[in-house]
1. So for the stretch 326-345 (the condition being open to solvent by less than 80 Å² (accessible area, probe 1.4 Å) and more than 30 Å from Asn368 (Cβ to Cβ)), does at least one residue qualify?
2. Say we look at the stretch 375-405 and pick out the residues that are surrounded by fewer than 21 Cβ atoms within 10 Å (Cβ to Cβ) and among the hydrophobic types (A, V, I, L, M, F, W, C); which of these is farthest from ligand 2 (Cβ to nearest atom)?
3. Given Lys280, Lys358, Lys300, which one is at pLDDT 95 or above, closer than 30 Å to Arg393 by Cα and basic (Lys, Arg)?
4. If a residue has to be assigned to a helix (DSSP H, G or I) and closer than 29 Å to Ser336 by Cα to count, how many in the stretch 405-447 make the cut?
5. Quick one: in the stretch 416-436, which of the residues that are within 13 Å of ligand 1 (Cβ to nearest atom) and of a type in the set (Gly, Ala, Ser) is nearest to Arg232 (Cα to Cα)?
6. Let me confirm something: among Asp369, Asp413, Asp408, which residue is open to solvent by 50 Å² or more (accessible area, probe 1.4 Å), away from ligand 1 (no atom under 12 Å from the Cβ) and closer than 19 Å to Thr310 by Cβ?
7. Among (1) open to solvent by 50 Å² or more (accessible area, probe 1.4 Å); (2) touching a residue at least 40 places away in the same chain (Cβ under 8 Å); (3) within 32 Å of the chain's Cα centre (by Cα), which single condition is Lys92 missing?
8. So if I check each of Thr207, Thr136, which one is open to solvent by less than 40 Å² (accessible area, probe 1.4 Å) and modelled with pLDDT of 95 or more?
Amino acid sequence: MKQLLIHEIYQKEPIDQEICVKGWIKTRRDSKGGFSFLEINDGSSLKNLQIIADNSLKNYQQDILKLFPGASVKVEGILVSSPGGNQKMELKAESVRIYGFSDVTTYPLQKQRISFEKLREIAHLRGRTNTFGAVTRVRNALSFATHCFFQERNFYYLNTPIITTSDCEGAGQLFRVTTLDFNNLPKNKQGNINCESDFFSQEASLTVSGQLEAETYACGLGRVYTFGPTFRAENSNTSRHLAEFWMVEPEMAFTNLTQDIALAEDYLKYLINYILNHCKDDLEFFNLRIENSLLEQLNKIVSSKFITLTYTDAVKILSRNRNFSFPVEWGIDLQSEHEQYLTEVEFKKPVVLTDYPKSIKPFYMRMNDDNKTVAAMDVLLPKIGEIIGGSQREERLDCLQNRLKELDLHENDYWWYLDLRRYGTVPHSGFGLGFERLVKLCTGMGNIRDTIPFPRVPGNAKF
Ligand code: 4AD
Ligand code: MG
């Protein structure tokens, strides 16, 4: 007999046909009339399927009356319409096979609500809840839409290394990768650790960004994008930081900052339109249960033209407001209260800030003529803050060399990166989108830890 997913059953409505479904019990209710209702879910849909199990089934007493939330079953039967009920159709079981029973005294996912904090402690089971089922389906749709978007525009999907020996962002947030014996570290004459005897014969770490490597392929293949895990040892216990997060990084030859911004805006709108069209049930669930203005916010983003303004102009606007806990002056790194003010109070829509002071941005960004600012752009969204960071890259060899010197970075460490500027250099640009911040935006989940199956944050890498 053909196994159908619950999602397919609701889509095709094969009434009066024999079907088979497999899933996990959500609830069991026994009726006085000598039968039981089982609600089952298989993860393919927010909706459950109702099963009617009659006491004439041969294992009714022995098995079905022992089914509790969490048990796994295979049900074969006839799908019948159920007018008047809460659901359009239900499955009249002809056989119920139990794969695994569940212990009602200890299974944590019963009727009562569990806080998201508590669910993080049982992250191995939370994928069975309505909320995490929906988050997972939306996250999946956003991944798929990402590939569609870039493939439609002739970008090549590129896998950049996870273990690296270069620090792209220069912010010193690297996780070291080593096989050295901590109890017996090899030291040189000066007493420093001798990395030559380490696995890679030099200091290595987990990547904070695939950008530098992506640039090398963009300067040859034209357009590439990465989509992979990145790691940052920032000690920030906030609702928008993870130590391990996924980033999408397109990189394009022959483009300037304006074209980079246009791509970022198109990409975000494409993603949101995609889930509005493909994840209706899940988004309605989030709108009802998690964030009441979610659909309004998402529709607003796709229908608004993003505002672009320079950092300097933003600082002028922010300086008029004296109520910030971090006072604003030219040169500071903007705090979330400042970003919020711009997107939620001043403009009430997505804002792209450009041309930041060089002192608060990495070495690779293209220097502007004022020699004070660089061709950077950050996309800021209401409620989310920074979702995308990008720039036009410094393609002029001498300017890049000067910048490295200014920052006390060694040319030798960047010889291959400089080679791109020695051999057929071209203007090029790119950006990075934080994938979990995107999932947060699209689901309304309040904490980024609930947008990835197993969050890694300071003090916690369980599971
Ligand atoms: O602004 P960032 O640091 O930019 C880069 O890494 C560039 N190399 C990207 C590029 O031009 N190719 O990071 C990009 C985005 C941020 O805008 C943010 O959305 C996300 O990555 N992000 C984080 N997300 C979760 N947890 C963290 N700790 C994050 N740090 C950055
Ligand atoms: Mg940034």
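The values are calculated or read from the model by the stated rules, or taken from the named source; none is laboratory data. Because the structure is a prediction, the values reported are computed rather than measured. Every residue, glycine as well, gets a Cβ built from its backbone with ideal geometry; the counts of neighbours run over all protein chains shown. Accessible surface areas use protein heavy atoms only, side chains included; no ligands, DNA or RNA. Shrake-Rupley method; radii C 1.70, N 1.55, O 1.52, S 1.80 Å.
1. No, that holds for no residue.
2. Leu397
3. Lys358
4. Here the count works out to 10.
5. Gly434
6. Asp369
7. (3)
8. Every option except Thr207 fails the conditions.
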